[in-house]
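Quick notes on the structure that follows.
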Amino acid sequence: MFGRNRIALPLLIGALLLLAIAGMAMAAGGDAVLYFVRGIWEDMGFGESRVVLIQWEKNLDAVRYELEVFVNESGGEAAGYGKHRVIYHEDRIYTRGKMLRERDLFAAWGKDIYWRVRPVDLDGRAVSGFSRPRRLIPEQALCTYDAPVPLPAPADEYGAELLYPVYAFIGNPGAVKFEIEVTSQYPENLQDARPSRYRIYANQTELMDLYDEEPRIGDYYWRVRGMDAEGHPVGCWSRPERIHVGTGDHWTVGVYGDSISHGGGHLSFSPSDLEYSYTHYLDFPTINLSYSGSTTEDMVNRFERDVLPFRLKYLLIMGGTNSLRGGVPAESVIQDLQTIQRKCREHGIVPILLTLAPINPRSIERVFHETTARDWKPAFQEVNAFIRTQAHMDTAAPFRGMEEMPEDLSLDGLHGDWRAKRMMADAINRAVRENRMLEQ
C-alpha cells in the first residue's frame, strides 16, 4: 500500500509532528521555538519563507547604500547605540530598501534587532553618517508574501506621466534576476508565479529597474517576480501596479527628447525617481514622450506614433546630445530639429526647442566606458546657436561659462543630477513667466 510513498510518508509524519510542536509553542508563548519550527517547515518545502522589508528614505546624492543589521547587546534606553553584534552587512544596495529572510533574523537572533543605513558615493565613500538605529519590529517589517516590492512614482505628482514607463522595485531574497510582466487587464493569478493570461509584454533584468521598450497608451498593469540562475521562480509575483497614460486626458504640453528629458541620473536613479526629472519641477503639467537613448533621427522617426495621439498644443523639444557626442554632424542634427518643427506645425502643435547643456566626456568614459566625439564643443555651440534663433527656452543658460558639466552637477557627465534638473526647470518656468510662452 505504501510502496510508492516510502519517502512521502515519513515527511508527512514529520510535518504533522512539527505542526503539533508549533501549536504547543504558540499556546505556551514560545516565540523562539515557533520560529525554529517554521524555519524547518519551510526548509522541508511545506510552506513559503516569510520575508522582512527594511526601507528608508532615498538620499539624492547617493549612488548606493550601506546597511547594517545588528543585535543589541547593551539593553536599556540607549539600545541600538551601545555594544552590538552585526548579523548582516551589505554595502552595494542600489535602491532604497532591502528584503531579508525572516528565519535569518528573528528565528536566529530573537527580536532585539536593529538596523541602520548610510548613503555611499561612486568611490565607496560615505556621503553622510549612519542613520539613527531603528528597531526591527516583526509585526511591522514582515511582508505578506515573498515577492519584490514595486516602487512606482506617485501618480499625482508632476513628472509621473511617462509614455515609456520604467519599472522600479526592491528585489526579494534569493533572486539573482527578475522578470517584469505587463498585462492588459488586472492579473487573475495573485500570489502566484505563473504568467498571466493577460500578458502583453515581459522582460528580464538583473537590476532593480527595467525600462520599457514600447510606448504604453491606455491602462495597463505591471508586476515583478524574482528568479534564480536557472530561471525558476523565487517567491511569487508582486502586487500589480496600474499604468495610465491617456490620450483623452486633455494634455496641453508634451516633452520630447532623450534620457536627459526622460529622467534619472547619478547612476542609480531612474525616471521613476521624480526628483531626477526636470518635468517634476515645472509649474505646469506635462506628458513625457521622451525615450532614453534617442537620437534626433530617432525622434523624427517616432514622431507620428508617440506625439500625435495626444493632440498637444505645445511640444518642448530637447534633442541632439546623443547624436553630437556620437559624432553626427551639427548640420544633420539641425535638419532633424527642423523636420520635427515642420511636423509639429503641420499638425497644429507649437514647437519650442530647448538648448543643450554641456557634457563631460571624462565622466562619461569613467561611468559608461564610452568615448565622446572630439569636436563635441563646437558642435553643441552650432546647434545651440540655431536653437536660439527659433522659438526656444534656454535650458543651457544656467551652465553658461562652464566648459564641461562639473561632476557636482552630473556624476556621469551626461545626465544632470537633481540640482541640474532643477536649474533647467527654473529656466523653463522663467521663460514661461517672462515671455508669456505656453499661453492657453
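The values are calculated or read from the model by the stated rules, or taken from the named source; none is laboratory data. Keep in mind that this is a model prediction, so the values were computed, not measured. As a convention, Cβ positions derive from the backbone with ideal geometry for all residues, glycine included, and neighbour counts pool all protein chains shown.
List of remarks:
- Flag for H392 being touching a helix residue (DSSP H, G or I) at 6+ places or on another chain (Cβ under 7 Å) and either modelled with pLDDT of 95 or more or closer than 30 Å to E304 by Cα (or both): no
- Condition check for D192: of a type in the set (D, E, K, R), over 16 Å from the mean Cα position of the chain (by Cα) and not in a loop (DSSP other than H, G, I, E, B): no
- Residues of region 366-380 that are more than 23 Å from R422 (Cβ to Cβ) and either surrounded by 13 or more Cβ atoms within 10 Å (Cβ to Cβ) or under 32 Å from the mean Cα position of the chain (by Cα) (or both): R366, F368, H369, E370, T371, T372, A373, D375, W376, K377, A379.
- So T247, is it surrounded by fewer than 16 Cβ atoms within 10 Å (Cβ to Cβ), within 23 Å of K421 (Cβ to Cβ) and hydroxyl-bearing (S, T, Y): no
- Count of residues meeting criterion [more than 32 Å from the chain's Cα centre (by Cα) and surrounded by 16 or more Cβ atoms within 10 Å (Cβ to Cβ)] in region 320-331: 1
- Looking across region 288-313, the residues that are within 18 Å of K421 (Cβ to Cβ) and either touching a Cys at 6+ places or on another chain (Cβ under 6 Å) or crowded, with 22+ Cβ neighbours inside 10 Å (or both) come down to N288, L289, S290, Y291, S294.
- Region 395-423, subset small (G, A, S) and at pLDDT 95 or above, residue surrounded by the most Cβ atoms within 10 Å (Cβ to Cβ): S410
- Residue among L411, L438, L353, L337 that is assigned to a strand (DSSP E or B) and either free of Cβ contacts under 8 Å to residues at least 60 places away in the same chain or among the hydrophobic types (A, V, I, L, M, F, W, C) (or both): L353
- Looking only at region 371-408, and only at residues there that are in a loop (DSSP other than H, G, I, E, B), touching a residue at least 40 places away in the same chain (Cβ under 8 Å) and β-branched (V, I, T), the one that is nearest to L267 (Cα to Cα): T372
- Conditions (1) crowded, with 21+ Cβ neighbours inside 10 Å; (2) touching a Gly at 6+ places or on another chain (Cβ under 7 Å); (3) assigned to a helix (DSSP H, G or I): number failed by S363: (1)
- The residues of region 101-130 that are in contact with a Phe, Trp or Tyr (Cβ under 7 Å, 6 or more places away or on another chain), in contact (Cβ under 8 Å) with a residue 60 or more places away in the chain and within 30 Å of S363 (Cβ to Cβ), listed by number, are V117, P119.
- Scanning region 414-435 for residues that are in a loop (DSSP other than H, G, I, E, B) and either outside the structural domain of S292 (by TED's automatic domain parsing) or of a type outside the set (A, V, I, L, M) (or both) yields H415, G416, D417.
- M208 vs. criteria of a type outside the set (S, T, Y) and over 17 Å from the mean Cα position of the chain (by Cα): no
- Enumeration of residues in region 226-240 that are in a loop (DSSP other than H, G, I, E, B) and touching a residue at least 60 places away in the same chain (Cβ under 8 Å): G235, C236, W237, S238, R239
- Residue in region 184-192 that is touching a residue at least 60 places away in the same chain (Cβ under 8 Å) and surrounded by fewer than 21 Cβ atoms within 10 Å (Cβ to Cβ) present: no
- No other residue among T295, T279, T286 is of a type in the set (S, T, N, Q), closer than 22 Å to G319 by Cβ and over 21 Å from the mean Cα position of the chain (by Cα) apart from T295.
- Criterion: of a type in the set (S, T, N, Q), within 27 Å of R92 (Cβ to Cβ) and not assigned by TED's automatic domain parsing to the domain that holds K177 - qualifying residue of S268, S261, S238: S268
- Residues being of a type in the set (S, T, Y) and more than 16 Å from L315 (Cβ to Cβ) - total across region 245-259: 1
- So Y88, is it touching a residue at least 40 places away in the same chain (Cβ under 8 Å) and not assigned by TED's automatic domain parsing to the domain that holds R422: no
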